DNA sequence: TCCAGATAGTAGGAAGTCCAACTATCTGTG
DNA sequence: CACAGATAGTTGGACTTCCTACTATCTGGA
């Protein structure tokens, strides 16, 4: 990139210099944004040879884990925490690639079931292996660091109401 | 959301159950992705009343911090770590909103300078204040947690070559 | 001097995300 | 039973990001 310094530390200095605050929250938020950008690039590079993206792989994996290898569109959205319209476009592409199929729900005609195809079922574990090989882009971190990040972000997610923990009614 | 459990923990269990790995890296990567999604939504909500997004605010802030309140397109891209074409589209929109101007570089005719307008210069600090008010979406975390996350991600960024530290020639 | 290669920026296109609005279907209450 | 409101999914549009390809300009070595 040609940078001789950490651009995020530079941002913190300026944030403080102009008295916009201590920069703590800004640095944390910017760091997470940048981390996401880096990980996504490495993950997608690892999946490129399968003609998959991380988002589409997540759908495949979710279906693979399900009992009947199928789930309603809406359930996919709530599990992956993405908007219904995102599910629509991801599934469109997966159907196009022959990795999943849309099926009518047996009793609720509003609902569309997404069913993993044989090809999709074969592909998912191979992608998982490829992702494990590249360590999901976080190879530079120790097991402890990975767990620390995950734990802290769990706090963040919980505070933002990512899910309702039955053991913690306070969240309601 | 209607979820009664943490979808990421559920993913870890399944990852292990199908023997795809211990799920550590997957959980860390997925957590960062989700954290990014949450923060971006809160940040953009805080900036919506200014008709700004986080990306466009970052450009504004970077120019505000610069000596002449102007920078070349390319420098903006390298500081914010985004692709040149992203800078083009961000600046297009900022120009359209009258917050920045494109100026020719005095000596290098290839280069385009982006100059903060008076309006842009007035807006930047107000947006910064709004972001500080919502704590950049990380209000649920303590100062220590914020610093821990930032530190760990610095390791990750450094490992991925985000910048070349002059004090650490090993990165070259 | 002059041209090959590097550098700066833009255009067009793909992908993912979200939102608002819309259709179709179900469900519960009066 | 019937209808208002909830629920499921899609369409169209906005935004950011990246990639490839392209033009314009600069620079250094032959």
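Every read-out reported here was derived from the displayed coordinates using simple, explicitly stated rules and does not represent laboratory data. These figures come from a predicted structure and were not determined experimentally. Ideal geometry is used to build each Cβ from the backbone, glycine not excepted, and the neighbour counts take in all protein chains shown.
Can you tell me which residue within the stretch B:35-49, out of those that are away from chain A (no Cβ under 12 Å) and within 12 Å of DNA strand D (Cβ to nearest atom), is nearest to residue B:125 (Cα to Cα)?
B:47
If I go through the stretch A:114-129 residue by residue, how many of them are within 11 Å of another protein chain (Cβ to nearest Cβ) and either touching a helix residue (DSSP H, G or I) at 6+ places or on another chain (Cβ under 8 Å) or surrounded by 20 or more Cβ atoms within 10 Å (Cβ to Cβ) (or both)?
5
Within the stretch A:15-31, can one find any residue that is in contact (Cβ under 8 Å) with a residue 60 or more places away in the chain, away from DNA strand D (no atom under 12 Å from the Cβ) and out of contact with any strand residue (DSSP E or B) (no Cβ under 7 Å at 6 or more places or on another chain)?
So far as the stretch A:15-31 goes, no, none of its residues is in contact (Cβ under 8 Å) with a residue 60 or more places away in the chain, away from DNA strand D (no atom under 12 Å from the Cβ) and out of contact with any strand residue (DSSP E or B) (no Cβ under 7 Å at 6 or more places or on another chain).
How do the pairs read when you match residues in the stretch B:80-100 that are in contact (Cβ under 8 Å) with a residue 12 or more places away in the chain and more than 24 Å from residue B:163 (Cβ to Cβ) with residues anywhere that are more than 8 Å from DNA strand C (Cβ to nearest atom) and assigned to a loop (DSSP other than H, G, I, E, B), using Cβ under 8 Å and keeping only pairs 6 or more apart or on different chains?
Close Cβ pairs satisfying both conditions: B:97/B:51; B:98/B:117; B:99/B:117; B:100/B:117.
Only one residue in B:80, B:94 is within 14 Å of chain A (Cβ to nearest Cβ), in contact with a helix residue (DSSP H, G or I) (Cβ under 7 Å, 6 or more places away or on another chain), under 20 Å from residue A:30 (Cβ atoms) and more than 11 Å from DNA strand C (Cβ to nearest atom), so which one is that?
Result of the check over B:80, B:94: B:80.
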